[in-house]
Amino acid sequence: MDNLIEVRGLVKRYGDFALKAVDLTVSAGCVVGLVGENGAGKTTLLRAILGLIRADEGSVALMGRAPSEPEARAEVAAVFEENACFGHLTAAQAERVMRGIVPNWDSDCYAGLLEAFGIGGKKLVKDYSKGMRIKLNLAVALARRPRLLILDEPTSGLDPVVRGELLDILLGFMQDERNAILVSSHITSDLERIADQIAYIHAGEMLFQRDKIELMEDMAVVRCSMARIEQLPEELVIAKRGGAFGASALVRNPERVRALMPDAVLDAASIDDMMRYYAGRDAV
Ligand code: ATP
């Protein structure tokens with residue numbers, strides 16, 4: 001089984017919000033970064049993948065099975081921002097609970113991560129800082145020896161040093177090419193570092209899931225006058241913006257744009273740039 005997650009045509013409606021026929025694939029050996037504005041539907045999608053909410057239409061296969069089957073979740077560990085288990089326990093007491101219920105529990109892995117993260121001791125989890133709670137949740141997730149990690153905003157609220165450590169741990173997890181990670185984040189620089197693919201969800205719609213390097217090579221930001229942007233062939237312009245200080249556009253095929261406008265400023269597009277332009281796009 002190469003695809004650890006396969007989402008096809010997933011629809012979930014909540015009042016005025018809907019996930020609109022979303023497709024997503026996460027294959028073994030791959031880190032997929034899920035990006036999107038606040039309220040775009042990232043957490044809803046992750047919850048549907050884990051079978052925590054029922055889709056209105058479409059299908060989800062998790063480890064090749066329906067998410068509701070216990071076998072589907074046996075090799076999957078998820079960390080959600082709001083996880084608040086173990087409140088009145090210490091990290092060591094939490095371990096005893098997990099060891100009792102998780103068949104593949106790896107005590108050495110857990111102890112090593114607690115030490116690396118500098119957490120543990122007598123403090124109750126409810127008195128942890130946000131960053132400490134995220135670290136504990138991640139240690140618990142990794143000690144389950146999963147093949148698939150599903151992480152919702154794992155690095156938000158962490159300082160840059162700890163974020164770096166955490167990303168190294170995730171890259172270490174990916175040394176085993178049977179493993180995969182689906183991770184949502186607003187810290188796109190983290191995804192630029194660890195993701196192989198970027199999936200961009202905008203207002204409930206999956207705009208693309210693409211190889212990160214290909215995506216970076218295929219898009220650029222061009223800065224010049226609006227009149228010149230409007231002379232570019234339509235198929236090259238994804239979105240354009242005009243302002244007091246001139247105009248700019250997110251374009252595809254930078255090589256062609258450079259050939260057409262040799263003197264215009266052409267910069268590499270970051271994931272943040274892509275989101276900013278797509279979010280306010282006035283041309284597609
Ligand atoms: P953020 O980046 O802010 O965490 P997100 O992309 O994870 O946002 P979701 O949490 O998936 O977004 O929310 C998407 C939409 O679905 C929002 O409009 C939210 O209000 C709505 N929503 C989510 N869960 C429910 C629910 N249980 N009942 C009603 N609406 C919900």
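The values are calculated or read from the model by the stated rules, or taken from the named source; none is laboratory data. Small disclaimer: the values here were computed from a predicted structure and weren't measured. FYI the Cβ positions are ideal-geometry reconstructions off the backbone, even for glycines, and counts take in every protein chain you see.
Take the conditions outside any loop (DSSP other than H, G, I, E, B) and under 19 Å from ASP106 (Cβ atoms) and apply them to GLY172. Does it pass?
Values: outside any loop (DSSP other than H, G, I, E, B): yes; under 19 Å from ASP106 (Cβ atoms): yes.
Yes, satisfied.
It is to be established whether one or more residues within the range 68-79 are assigned to a helix (DSSP H, G or I) and surrounded by 17 or more Cβ atoms within 10 Å (Cβ to Cβ).
As a first pass, look at the range 68-79 and keep what is assigned to a helix (DSSP H, G or I): 70-73.
Keeping just the survivors that are surrounded by 17 or more Cβ atoms within 10 Å (Cβ to Cβ) gives 72-73.
Yes: one or more hits.
Sort out which residues of the range 1-31 are aliphatic (A, V, I, L, M) and either surrounded by fewer than 17 Cβ atoms within 10 Å (Cβ to Cβ) or within 15 Å of the ligand (Cβ to nearest atom) (or both), and write them in order of number.
Restricting attention to the range 1-31, the residues satisfying the condition of being aliphatic (A, V, I, L, M) are 1, 4-5, 7, 10-11, 18-19, 21-22, 24, 26, 28, 31.
Once the filter is applied, which keeps residues that are aliphatic (A, V, I, L, M) and either surrounded by fewer than 17 Cβ atoms within 10 Å (Cβ to Cβ) or within 15 Å of the ligand (Cβ to nearest atom) (or both), the range 1-31 yields MET1, VAL7, LEU10, VAL11, ALA18, LEU19, ALA21, VAL22, LEU24, ALA28.
Residue-wise test of (1) under 29 Å from SER27 (Cβ atoms); (2) modelled with pLDDT under 95.
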site: VAL183; (1), (2): yes, no
site: SER189; (1), (2): yes, yes
site: MET206; (1), (2): yes, no
site: ILE213; (1), (2): yes, yes
site: MET216; (1), (2): yes, yes
site: GLY243; (1), (2): no, yes
site: ALA247; (1), (2): no, yes
site: ARG252; (1), (2): yes, yes
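Within the range 34-60, how many residues turn out to be out of contact with any Lys or Arg (no Cβ under 7 Å at 6 or more places or on another chain), small (Gly, Ala, Ser) and within 13 Å of the ligand (Cβ to nearest atom)?
3
Quick one: in the range 175-195, of everything that is within 11 Å of the chain's Cα centre (by Cα) and not in a helix (DSSP H, G or I), which residue is nearest to GLU37 (Cα to Cα)? It would help to see each step written out before you state the result.
Here is the first cut: in the range 175-195, the residues within 11 Å of the chain's Cα centre (by Cα) are 181-188, 190-192, 194-195.
In the following step, the residues that additionally are not in a helix (DSSP H, G or I) were identified as 181-187, 195.
Numbers: ILE181: 20, LEU182: 17, VAL183: 15, SER184: 11, SER185: 10, HIS186: 8, ILE187: 11, ALA195: 18 Å.
Checking each candidate, the answer is HIS186.
Give the number of residues within the range 230-259 that are over 20 Å from SER270 (Cα atoms) and either β-branched (Val, Ile, Thr) or surrounded by 15 or more Cβ atoms within 10 Å (Cβ to Cβ) (or both).
Qualifying residue count, the range 230-259: 1.
Counting only residues that are touching a residue at least 40 places away in the same chain (Cβ under 8 Å) and either among the β-branched types (Val, Ile, Thr) or closer than 21 Å to SER185 by Cβ (or both), how many does the range 92-115 have?
Final tally of qualifying residues: 2.
Restricting to the range 264-284, what's the tally of residues that are out of contact with any strand residue (DSSP E or B) (no Cβ under 8 Å at 6 or more places or on another chain) and either loosely packed, with under 15 Cβ neighbours inside 10 Å or at pLDDT 90 or above (or both)?
As a first pass, look at the range 264-284 and keep what is out of contact with any strand residue (DSSP E or B) (no Cβ under 8 Å at 6 or more places or on another chain): 270, 272, 276.
Narrowing further to those that are either loosely packed, with under 15 Cβ neighbours inside 10 Å or at pLDDT 90 or above (or both): 270, 272.
Residues that pass the stated criteria total 2.
Every residue in the range 142-162 that is surrounded by 21 or more Cβ atoms within 10 Å (Cβ to Cβ) and part of a helix (DSSP H, G or I), please.
LEU142, ALA143
For ASN104, all conditions in the list (1) surrounded by fewer than 16 Cβ atoms within 10 Å (Cβ to Cβ); (2) modelled with pLDDT of 90 or more hold save one; what is the number of the exception?
The number of the failed condition is (2).
Counting just the residues of the range 207-216 that are out of contact with any Leu (no Cβ under 9 Å at 6 or more places or on another chain) and in contact (Cβ under 8 Å) with a residue 12 or more places away in the chain, which one comes out farthest from THR188 (Cα to Cα)?
First, the residues of the range 207-216 that are out of contact with any Leu (no Cβ under 9 Å at 6 or more places or on another chain): 207, 210-211, 213-216.
Narrowing further to those that are in contact (Cβ under 8 Å) with a residue 12 or more places away in the chain: 207, 210-211, 215-216.
Numbers: LEU207: 16, ARG210: 15, ASP211: 15, LEU215: 14, MET216: 13 Å.
The extreme case among them is LEU207.
Look at the range 61-82 and say how many of its residues are within 16 Å of the ligand (Cβ to nearest atom) and either more than 27 Å from LEU167 (Cα to Cα) or at pLDDT 95 or above (or both). Steps first, please.
Filtering the range 61-82 down to residues within 16 Å of the ligand (Cβ to nearest atom) leaves 78-82.
Still in the list and also either more than 27 Å from LEU167 (Cα to Cα) or at pLDDT 95 or above (or both): none.
Selection size over the range 61-82: 0.
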